[in-house]
1. If you place +1 on the Cβ of every Lys and Arg, -1 on the Cβ of every Asp and Glu, and leave all else neutral, what size is the dipole of the protein assembly as shown about its Cα centre, to the nearest 20 Debye?
2. Could you give each residue of segment B:56-71 its phi-based ³J(HN,Hα) in whole Hz, using Karplus coefficients 6.51, -1.76, 1.60 with θ = phi - 60°, and x for Gly or Pro?
3. What ranking of B:Lys148, B:Lys436 emerges when the number of other C-beta atoms within 10 Å of each C-beta is taken as an exposure proxy, fewest first?
4. Summing -39500 (n - 2.57) over the DSSP H runs of n ≥ 4 in chain B and dividing by its residue number, what mean residue ellipticity at 222 nm do you reach, to the nearest 500 deg cm²/dmol?
5. For segment A:245-305, would you read off the P(r) tail past 15 Å as a percentage of all alpha carbon pairs?
6. Would you please put A:40-48, A:234-242 in order of how densely packed they are, using the mean number of other Cβ atoms within 10 angstrom per residue and starting with the highest?
7. Please give the average number of partner chain Cβ atoms lying within 10 Å of the Cβ of each residue in A:161-169, rounded to a whole number.
8. Give me the inter-chain shielding for A:176-188: mean count of other chain Cβ atoms within 10 Å, whole number please.
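Any read-out appearing in this document is the output of simple, stated calculations on the displayed coordinates, not a laboratory observation. These numbers were taken from a predicted model, which means no experiment stands behind them. Here the Cβ positions follow ideal geometry from the backbone for every residue, glycine too, while neighbour counts run over all protein chains shown.
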Amino acid sequence: MNLNLLSWIVFLPVIGLIVIALIPRPGQKTVRSIALAAAMASFILSIAVFVMFDRSESAIGQMQFVEKISWIPAINSFYYLGVDGLSLPLVILMTFLGVISVLVSWKIQLNPKQYFIWILLLESSILGVFCSLDLILFFLFWELELIPMFFLISIWGSGRKEYAAYKYLIYTLVGSAFMLAGILCVYFITHTFDMTALAGIQIASSFIPLTALFFLLIVGFAIKLPVFPLHTWLPDAHTNAPTAASVILAGALLKMGGYGMIRLCVSMLPQVAVQYAPFMLTLAVIGVIYGAAVTIRQTDLKRLIAYSSVSHMGYVLLGIFALDQVSLVGASLQMFSHGVITGLLFAMVGLVYDKTHTRDLNNLSGLARQMPIIVVVFSIAGLASLGLPGTAGFAAEFITFAGSFASTVVAGMPVFTLIAVLGIVVTSGYILWMLQRVFYGYPLDKYNGVGDADAVEMISTFSFVAVIMMVGIYPAVLTNVINMGIAPIAKLIGM
Amino acid sequence: MILDQIKYIAPELSLLCFALIIIITDLFISNKRALAVIAVVGTLVAAFFVLMLWNGQAVEAFYRTIAIDQFGLFFKLLILAATALVILASNVYVAKFERFQGEFYALLMLSAVGLMLLVSAINLITIFVALELSSISLYVLVSFLKDKKSSEAGLKYLILGSVASAILLYGMALVFGMTGNTCLTCIADYVKGMPVSNLPGTPALLVGLVLVVAGFCFKIASVPFQMWVPDVYEGAPTPITAYLSVASKAAGFAVIARILLTAFGMPDWLHNDWAMIIAVLAAVTMTVGNVTALLQTNIKRMLGYSSIAQAGYLMVGLAAMGMGSQLDGNVRSGLLFFLLSYTLTNLGAFIAIIAISNKINSDEINDYTGMGKRAPLLAVALTICMVSLTGLPPTAGLIAKIYIFSGAVDQGLLWLVIIAVINSCISAYYYFKVVKVMWMGEPASTDKVTSSWPEWLAIALCCVPVVVIGVLPGAFIALAQSASALFGI
């Protein structure tokens with residue numbers, strides 16, 4: 001039985017965008033319904049894959065729903081899709097955010113046809129990154145994501161949108177340029193682009209030092225994640241991007257970095273990863289603390305959340321380079337939960353901005369009176385972000401820290417972990433302070449007329465809350481799956 | 001019998017006949033559009049003859065002066081395609097030439113004849129004659145607008161081109177003097193056994209080799225012979241700029257590859273030497289091209305510098321071919337596949353520019369503001385081409401870069417590949433500048449920019465394959481591999 005489910009998941013948005021493109025002068029309603037239908041179909045199929053995913057003992061470390069056909073025979077490259085425990089949660093995350101991003105753009109007025117074409121293309125390319133098991137295919141999707149993001153930021157963004165779009169473009173291109181050189185080296189050494197075959201392969205080469213190869217590959221991922229000091233594109237891109245693009249950017253796009261690190265750098269070059277773990281961990285800790293410290297001082301709501309992402313992605317990096325099975329599971333779960341939590345935060349900021357037309361903390365106050373529903377959801381998102389037990393944030397951070405603290409692979413892990421944990425304290429500080437300033441101060445008269453969330457907005461935000469709660473209360477629903485992908489990778493490190 | 005061999009140059013002969021027919025017909029008819037039809041038919045007939053030869057035995061005809069092999073035929077098809085597309089795209093533009101439309105088409109085709117002979121020539125004298133045939137037609141075509149800029153461009157091209165020809169001829173004379181032969185395979189026989197210890201005794205041969213390469217560097221616009229490019233590209237009629245940037249460059253690369261690999265492909269120390277020179281030139285060329293392109297405000301000048309940069313990427317493929325004595329399929333066909341994708345992409349970009357500037361009468365990038373609203377489809381086409389030139393998916397540009405760079409890494413040129421990928425990042429800035437102004441600014445006027453159907457056809461014939469190659473490159477790579485099989489010894 002081969003339904004090519006993954007191909008459908010990846011390319012349904014593309015089909016949607018082709019339909020949209022072919023309709024001459026469609027109305028805004030037609031366009032958004034088609035976009036929603038395509039994103040929804042992709043989401044439902046990904047849930048089906050999640051349900052049908054083989055969780056038995058024998059399937060550990062196996063790619064499932066595999067599709068493999070020859071693509072570029074000359075360089076031995078295949079159209080090769082598959083998911084394992086590592087990628088499946090991220091695929092679901094993206095399809096979920098795909099639906100949400102259509103919903104949060106429900107009222108878009110400026111050129112909706114083009115807008116939804118780019119959103120759908122963005123969704124497809126990110127899904128492609130998570131599903132491809134061939135390095136060239138992976139790289140192709142990785143680069144493809146740039147174009148829709150460039151347009152989304154520069155046309156539908158605000159503020160210094162062109163500057164932000166360019167910064168994003170150049171940063172990402174530089175990273176992927178090195179990655180391409182790295183990928184070609186890997187091919188020259190091993191003569192395969194097959195990512196499953198490359199995991200655990202003993203790469204030995206006189207052609208290029210393995211350390212150099214490791215850093216060629218990791219620069220692109222480090223920019224994407226982002227790792228301090230390569231993070232400076234992120235606040236600009238986030239602040240100036242339209243809401244849906246911010247949701248996808250924070251929710252799924254950053255995860256391409258963490259995913260790539262685990263999938264390529266750690267599984268292909270475990271020895272080098274162990275060797276350079278202290279260096280990466282130092283960057284992780286700096287990212288956590290520095291990101292959090294900078295966040296406190298932000299007065300633009302979106303910029304604030306953007307910097308908090310830098311801090312939270314530090315936990316992911318910490319979990320990855322603690323190189324312990326538990327910490328890697330924690331890092332993967334943190335990617336998922338940060339995706340939904342920060343996705344929700346950006347959606348909420350978008351809502352507040354839609355209603356009040358400002359994101360400046362100094363101009364906002366006492367909104368709790370005017371928009372009670374938004375306040376509740378925003379607060380839940382904030383609390384999840386600071387890691388309140390019962391939310392996805394707590395589950396992920398706890399597993400990450402527990403795993404990192406106990407890791408024996410890298411020396412000095414407890415020290416790194418303890419410093420990083422301080423980040424949580426600062427996080428509580430800026431989240432609570434932000435909530436207090438926006439919602440609980442003096443109510444301002446000028447916001448008396450503003451409305452609360454409407455039906456569409458409630459659907460999108462409540463579904464976020466449901467996911468956050470579900471993962472928070474019963475994280476095993478994801479960790480069981482993630483573990484199946486992580487276990488074989490963790491075994492490589494022990495070797 | 002020499003007459004039996006006529007069939008081997010049937011494509012060139014037929015194209016020549018059609019060029020003459022056009023000149024004669026031009027005297028009698030007033031509807032000049034018919035001339036374009038004859039010209040297109042001429043290229044199709046020639047292409048048909050090329051395809052007839054495709055599966056035949058590789059031969060060396062006319063006393064070993066012309067080789068009929070898939071390598072040459074591949075380039076002939078490329079040149080014919082470029083010629084046909086340029087003719088289609090000139091459909092509206094030729095109105096600027098008033099009564100000289102017939103000559104325009106005829107000269108274009110004569111230049112194509114020259115280039116087609118050039119890519120299959122295997123004798124230094126034939127190479128030189130073919131080169132001059134194409135160049136002299138091009139000198140005239142560049143100054144065809146007869147305004148100040150065009151005349152200046154034509155004169156510059158003539159003077160610098162003549163200097164390059166002189167250098168080339170001098171180099172050829174030295175090579176002939178040292179080896180006693182003008183046929184490439186005979187030179188190869190002489191050079192093959194030469195030990196490295198003979199090097200001090202044969203400096204003249206090496207000087208000759210360097211001068212020959214230098215002469216062709218003019219043609220492919222490599223540093224340090226790239227100075228003519230921006231002025232000539234800006235001043236020449238845009239269809240001719242398009243033609244120069246693809247057909248003439250492709251033929252230049254074909255003949256350099258043929259001379260270097262056939263005549264100087266052995267012994268090892270020799271090909272390693274010239275490969276290293278080409279590699280260094282490639283690095284400098286792409287960097288100079290990209291960095292200078294950043295500052296351009298005129299789109300034709302910008303594409304001029306961009307074509308210098310692209311020549312740099314192409315030279316990466318050439319250097320890779322020289323680096324090893326065993327050439328596997330990927331290394332030897334990288335250059336051809338890149339040229340295929342570059343030709344389609346660059347032509348697509350130029351044709352879109354021709355269509356747009358026919359209406360707005362400007363080549364300034366700022367005047368393209370809001371083109372996404374005034375001419376959405378043209379803007380889409382130009383965007384696809386810019387994305388492909390940058391080397392982003394889903395276009396031929398990315399696959400071509402991956403492919404040509406993978407060959408270079410294979411041959412140990414990792415340092416060059418790293419320079420090249422960084423250059424790609426730089427190039428994103430100016431290619432996306434065009435994209436940015438088209439989609440983001442508000443248009444200066446709300447007039448729609450419309451185009452004629454031949455222009456549409458030409459654009460579709462470029463942009464559709466660009467995307468198709470970007471998604472399913474397998475068959476095209478196989479084509480390039482089979483066309484480069486002769487270097488696979």
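1. Once rounded to the nearest 20, the dipole reads 1440 debye.
2. The phi angles translate into x, 5, 6, 9, 10, 9, 6, 6, 6, 10, 10, 9, 9, 9, 5, 4 Hz.
3. In increasing order of surrounding Cβ atoms, one gets B:Lys148, B:Lys436.
4. -25000 deg cm²/dmol
5. Counting every Cα pair in segment A:245-305, those more than 15 Å apart make up 66 percent.
6. With the highest mean Cβ count within 10 Å placed first, the list reads A:234-242, A:40-48.
7. Across A:161-169, the average partner-chain Cβ count within 10 Å equals 2.
8. 6
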